[in-house]
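The values are calculated or read from the model by the stated rules, or taken from the named source; none is laboratory data. None of the values given here were measured: they were computed from a predicted structure. Neighbour counts run over all protein chains shown; Cβ positions are idealised from the backbone, glycine included. These accessible areas exclude ligands, DNA and RNA; they are computed on the full protein's heavy atoms, side chains included. Shrake-Rupley method; radii C 1.70, N 1.55, O 1.52, S 1.80 Å.
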Amino acid sequence: MLVQILSGAVLAAAVATFAYRARALSLSGAIAAFVVGSITFGAGGWPATFVLLAFFIPSTAFSAIGRKEKRTLASAGKHGARDAFQVAANGGVAALALLLSPRFGAVALAAFAGAFAAASADTWGTEIGTLARAKPRSILTFRPVERGLSGGVTLQGSLAEIAGAACVALVAASTHIAPALPVFLGGAAGALVDSILGAGAQALRFCPACDRACETNPHACGTPTSLRRGVAWIENDAVNFAATACGAALAAVFF
């Protein structure tokens with residue numbers, strides 16, 4: 001077990017360092033990724049690590065596509081290198097489920113994979129959907145919303161969510177972590193919850209200087225913003241955490 005834990009730490013350090021140098025992760029994000037990766041390999045070995053990589057590698061690649069265009073979306077929340085809060089929101093639930101697997105067995109492993117399937121679906125949907133030329137529409141009201149704002153959906157983004165959940169589900173099944181169907185259903189449902197919370201509960205703010213909606217305080221321009229909708233403390237990281245928790249819970253239930 002000690003050898004496996006040390007091997008996991010070395011692998012996690014290598015992957016986190018690469019992602020940091022590629023500017024996919026900030027320094028705090030790299031440290032958080034090291035922790036999640038070490039837990040994953042140490043507690044689940046290569047099968048669990050392959051599930052993590054099925055989320056991490058494609059999601060990092062899609063984040064790099066159109067990076068320059070995405071940075072122009074001043075309405076969006078965090079962009080660029082992912083910090084520790086974002087890493088924890090995407091991988092914290094999965095790591096906890098894996099740590100509980102010695103006690104809860106296959107159900108916890110399904111929850112582990114379901115959490116990463118939800119994170120993958122949400123990330124693929126966001127990164128690809130943001131670049132769609134069609135105007136996003138609110139998943140709750142169907143009214144057009146600015147590109148980059150949470151809760152907006154497009155056809156491309158929705159198809160990407162399905163593909164992201166399927167990617168992790170297939171890897172989970174091929175490595176015998178969990179059957180594909182419950183993992184896929186949990187991941188797809190988690191991404192749906194993310195969109196619903198993003199369109200309703202997540203804080204939507206307004207920048208008077210730029211005369212536009214946004215999700216941060218202060219705005220990217222530096223101007224303090226006012227709350228227009230949602231709950232002030234519910235921001236994108238909280239929504240992502242809720243989505244992965246939902247993905248984990250539903251994958252366990254469906255299993």
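Quick look at the values:
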item: Every residue from region 201-215 that is out of contact with any strand residue (DSSP E or B) (no Cβ under 7 Å at 6 or more places or on another chain) and in contact (Cβ under 8 Å) with a residue 12 or more places away in the chain; result: Gln202, Pro208, Ala209, Cys210, Arg212
item: Test: Gly190 is open to solvent by less than 40 Å² (accessible area, probe 1.4 Å) and under 24 Å from Ala97 (Cα atoms); result: yes
item: Residue among His219, His176 that is of a type outside the set (S, T, N, Q), open to solvent by 70 Å² or more (accessible area, probe 1.4 Å) and more than 17 Å from Asn90 (Cβ to Cβ); result: His176
item: Val171, sole failed condition from (1) of a type outside the set (Asp, Glu); (2) closer than 20 Å to Val253 by Cα; (3) assigned to a strand (DSSP E or B); result: (3)
item: In region 118-155, the residues that are among the hydroxyl-bearing types (Ser, Thr, Tyr) and open to solvent by less than 50 Å² (accessible area, probe 1.4 Å); result: Ser120, Thr123, Thr130, Ser138, Ser150, Thr154
item: Tally of residues being polar (S, T, N, Q) and modelled with pLDDT under 95 across region 102-124; result: 1
item: Arg103 being open to solvent by 30 Å² or more (accessible area, probe 1.4 Å), free of Cβ contacts under 8 Å to residues at least 12 places away in the same chain and more than 20 Å from Ala169 (Cα to Cα); result: yes
